[in-house]
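Below is one structure, written out as structure tokens; comments come after it.
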Amino acid sequence: MKKILIVFLVAFILIQFFPIDKNNPTTNVGMDFLKIKNTPEPLAKLIRTSCYDCHSNESKYPFYSNIQPFGWWLKNHIDEGRMEVNFSTFATYEPKKQARKLEEAAEQLEQQEMPLESYTIAHADAKLTDEQRKQLADYFRKVQKQIKQANAL
């Protein structure tokens, strides 16, 4: 038992030498969803608080991101989140993709799939009430409808 504990301790120490890259890609405000869609400030605040850590180039890395394997797990979530939708580069998406991503976001909010429960445990301010979920879903659908109308989709 003692040998197993020592092996785990040595392995834990060794993996600390493989930190994650915490550099965020540069942001261009002119491509950001909140800016280009002129999102009202109360909704923008909700989106920043509940979505932007994983779905933008403005991720904030908490203290536990310095401890592996937690940092690896966190970085994986951020990378996956940005691949799904990156609000910092939203203007680069084709209108059809923008509309689809907004519909998906609304559905995930309504189904309480986002923000992830594992995220809200450590970030209580990101937890959304049912009313806030409805407000965001309605807003995303409103913007989606505007995109479809403007682009004849």
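The numbers here are math on the coordinates, done by the rules we state, and not lab data. None of the values given here were measured: they were computed from a predicted structure. Reconstructed Cβ throughout: ideal geometry from the backbone, glycine too, with neighbour counts over all protein chains shown.
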Past 29 Å, Cα to Cα, is the threshold; run LYS45/LYS97; LYS60/LYS101; LYS2/LYS75; LYS22/LYS127; LYS37/LYS134; LYS22/LYS101 against it and keep the listed order. LYS2/LYS75
May I have the pair-distance distribution P(r) for segment 1-86, computed from all Cα-Cα distances with 10 Å bins from 0 and rounded to whole percent? 16, 37, 24, 14, 7, 3, 0
Looking at segment 15-74, which trypsin sites (Lys or Arg not before Pro) are in a loop (DSSP not H, G, I, E or B) and have at most 12 other Cβ atoms within 10 Å? LYS60
Fraction of the pair-distance distribution of segment 2-150 above 21 Å, Cα-Cα pairs, percent: 49 percent
Only helices counted: for the chain, with every DSSP H run of 4 or more residues adding -39500 (n - 2.57) and the sum spread over all residues, [θ] at 222 nm is -17500 deg cm²/dmol
